[in-house]
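Participant: Let me begin by handing over the structure; questions about it come next.
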Amino acid sequence: MNTKFLRTVIACACLMPLAVKAQTTATRTPFKAVSLFDGTADYRTFSIGVNGGALAPVSPTGGSNDFTKWKADFGYGAYVKWQILHSLALRADYLGGKLSANNDNNLGNGSRPQSPYSEFETKLKYTASLSAVATVLNINWLHRENFVGLYLSAGAGLAGYSPRITPVGGAAQDYKTGGGNINELVIPVGAGVKFKLTDLLNLDLGYTTYFTDGDNLDGYNKPPQKDKFSYGYAGLEFVFGAPGKKQLQFTNPAVVLYDELQAQKMANDQMQARLNNALASNDSLAASVARLTADEDGDGVSNFFDKCPGTPAGAKVDGSGCPLPVPEPPKVIEKVTVTEEDNRIVREAVKNLEFATGKSDIKPHSYETLNRVADLLVKRGFSLKLAGHTDNVGRPDKNMILSKERAESVKAYLVARGANPSRIEATGYGQTQPIASNKTAQGRQTNRRVEFTIY
């Protein structure tokens, strides 16, 4: 080992702490101070949503309207939302669809309803409303980011619709002369649950009840109750914002602020600790370099690492300063020649080899010829390949296992007689390589075999 290489290693070892320090300083993400009044610039706050679901002239707070059997019809909606705070947003909604019901059901006392109308159908042309949406519970509220949020909503808006009413025994007719729209104030009150799928997409499940400021929705003005309808929906919310920003509605500002303050404190503590360590290590650096570079026997390995001091000059040493072993000359491998006599012994063993029916147990009368093969392997150093085969009687997978087991059984016997197990290869081929027809008993007997190949 030359001294130039040693000096290079020592210099790298001495400079490594400074390099690590410089790299850590260069790659650390700069700390950003955060306060409660930083605003929403670092978050996604604008989104639009589309949904579809069931519209019905019924409300959980007040039952159905003026008909006994309400129907669920398809409704569709969309909204634009602006997230003001993590727990408060403004949402502008649009809703359209159809509402219908009839008097097919009896009253609670079993009597028929006393109504001049049998059914109604109202086309809800639009419902435009502005609501405040409050997130009342975020799952995992102790974490920076949540993935599920429960919310409540309430607001006000305007609904435009045109009912058609069917008198008992008569034909359907427009509730308002000329079939024009009826425009009324509506108060939507709802609740829902939102799942964050990605930073750009949410799943929105909700239910909203619309209270109308009138009794015209079903075309049957029957005071004092006012009409209402409900909308249960499922939809997708698409969130907009710059790449890398998180959704404000799924962010916990208290946890974010706490984490940032903890990160700043940790960074300050780590910087002070690194400064103290650097000052302490500089005092011992010079002494360490001198100790590392001393090499009394001149073998290129310093005294500090030299486990074999006093090595003769010019001797080749390893990294511990000890002389390298002198390699032995390569061994000449004697070529193995297989004679005809060797092949005869093997053929005789193959001819006399028999197993118990359906098993891998070798019959005793096969031992004598197998013993000669074992002696041949031991004395001549041959390698042996055993290939087990079966006929096609039985399941192919079972035959494959049986052929492998029989080849392994022969190998185990030869190893027990002193043969080297690493020079014997046992393989099973099942019924895949017949050498005779399996349509005759003689052919099947021929195919049930273990082939020996010496080399």
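The values are calculated or read from the model by the stated rules, or taken from the named source; none is laboratory data. Just so it is clear, the model here is predicted, and its values are computed rather than measured. Note: ideal-geometry Cβ built from the backbone for every residue, glycine included; neighbour counts use all protein chains shown. Heavy atoms of the whole protein, side chains included, go into the accessibility calculation; ligands, DNA and RNA do not. Shrake-Rupley method; radii C 1.70, N 1.55, O 1.52, S 1.80 Å.
Participant: If you check SER360, SER366, SER403, which single one turns out to be open to solvent by less than 50 Å² (accessible area, probe 1.4 Å) and touching a His at 6+ places or on another chain (Cβ under 6 Å)? Step through it out loud before you land on a result.
Facilitator: Working: SER360 fails: touching a His at 6+ places or on another chain (Cβ under 6 Å); SER366 fails: touching a His at 6+ places or on another chain (Cβ under 6 Å).
Result of the check over SER360, SER366, SER403: SER403.
Participant: Determine the pairs where a residue that is closer than 15 Å to ALA416 by Cβ, located within the stretch 349-371, has a partner that is assigned to a loop (DSSP other than H, G, I, E, B) and not β-branched (Val, Ile, Thr) with Cβ atoms under 9 Å apart, the partner being 6 or more residues away or on another chain.
Facilitator: Short answer, once both residue conditions are applied: ILE362/LEU353; ILE362/GLU354; ILE362/ALA356; SER366/LEU353; SER366/GLU354; LEU370/LEU353; LEU370/ARG417; ASN371/ARG417.
Participant: Another question, if that's okay. Looking at ASN202, ASN216, ASN221 in this structure, which one is assigned to a loop (DSSP other than H, G, I, E, B), surrounded by 14 or more Cβ atoms within 10 Å (Cβ to Cβ) and among the polar types (S, T, N, Q)? Steps first, please.
Facilitator: Values: ASN202 fails: assigned to a loop (DSSP other than H, G, I, E, B); ASN221 fails: surrounded by 14 or more Cβ atoms within 10 Å (Cβ to Cβ).
Of ASN202, ASN216, ASN221, the one residue that is assigned to a loop (DSSP other than H, G, I, E, B), surrounded by 14 or more Cβ atoms within 10 Å (Cβ to Cβ) and among the polar types (S, T, N, Q) is ASN216.
Participant: Would you check if there is a residue in the stretch 324-344 being closer than 26 Å to ARG444 by Cα and open to solvent by less than 60 Å² (accessible area, probe 1.4 Å)?
Facilitator: Step one: of the stretch 324-344, the residues closer than 26 Å to ARG444 by Cα are 343-344.
Next cut, open to solvent by less than 60 Å² (accessible area, probe 1.4 Å) only: 343.
Checked the stretch 324-344: at least one residue is closer than 26 Å to ARG444 by Cα and open to solvent by less than 60 Å² (accessible area, probe 1.4 Å).
Participant: Moving on to the next point. From the list VAL186, VAL239, VAL193, exactly one residue is open to solvent by less than 70 Å² (accessible area, probe 1.4 Å), of a type in the set (Val, Ile, Thr), closer than 18 Å to THR122 by Cβ and part of a strand (DSSP E or B). Which is it? Before you say what the answer is, go through the steps one by one.
Facilitator: Details: VAL239 fails: closer than 18 Å to THR122 by Cβ; VAL193 fails: closer than 18 Å to THR122 by Cβ.
Sole residue among the options that is open to solvent by less than 70 Å² (accessible area, probe 1.4 Å), of a type in the set (Val, Ile, Thr), closer than 18 Å to THR122 by Cβ and part of a strand (DSSP E or B): VAL186.
Participant: Evaluate the stretch 122-138: report whether one residue or more is touching a helix residue (DSSP H, G or I) at 6+ places or on another chain (Cβ under 7 Å), aliphatic (A, V, I, L, M) and touching a residue at least 40 places away in the same chain (Cβ under 8 Å).
Facilitator: No, the stretch 122-138 contains no residue that is touching a helix residue (DSSP H, G or I) at 6+ places or on another chain (Cβ under 7 Å), aliphatic (A, V, I, L, M) and touching a residue at least 40 places away in the same chain (Cβ under 8 Å).
Participant: Going through the stretch 91-106 one residue at a time, which ones are within 20 Å of ILE187 (Cα to Cα) and open to solvent by 70 Å² or more (accessible area, probe 1.4 Å)?
Facilitator: Selection gives TYR94, LYS98.
Participant: Let me ask another. Under 8 Å by Cβ, and 6 or more places apart or on different chains, what pairs join a residue from the stretch 275-289 that is under 27 Å from ASN303 (Cβ atoms) with one that is assigned to a helix (DSSP H, G or I)?
Facilitator: From residues that are under 27 Å from ASN303 (Cβ atoms), the pairs are SER281/PRO17; LEU285/CYS14; SER288/CYS14; VAL289/ILE10; VAL289/CYS14.
Participant: Is it the case, given these coordinates, that GLY160 is surrounded by 15 or more Cβ atoms within 10 Å (Cβ to Cβ), out of contact with any His (no Cβ under 7 Å at 6 or more places or on another chain), part of a strand (DSSP E or B) and not β-branched (Val, Ile, Thr)? Working first, answer last.
Facilitator: Details: surrounded by 15 or more Cβ atoms within 10 Å (Cβ to Cβ): yes; out of contact with any His (no Cβ under 7 Å at 6 or more places or on another chain): yes; part of a strand (DSSP E or B): yes; not β-branched (Val, Ile, Thr): yes.
For GLY160, the condition - surrounded by 15 or more Cβ atoms within 10 Å (Cβ to Cβ), out of contact with any His (no Cβ under 7 Å at 6 or more places or on another chain), part of a strand (DSSP E or B) and not β-branched (Val, Ile, Thr) - is met.
Participant: Name the single residue that is nearest to THR446 (Cα to Cα) among those in the stretch 406-427 being touching a residue at least 12 places away in the same chain (Cβ under 8 Å) and open to solvent by 80 Å² or more (accessible area, probe 1.4 Å). Steps first, answer last, please.
Facilitator: Here is the first cut: in the stretch 406-427, the residues touching a residue at least 12 places away in the same chain (Cβ under 8 Å) are 406-411, 413-414, 417-420, 423-427.
Checking the rest, the ones that are also open to solvent by 80 Å² or more (accessible area, probe 1.4 Å) come to 417, 423, 425.
Values: ARG417: 27, ARG423: 27, GLU425: 22 Å.
Out of the qualifying residues, it is GLU425.
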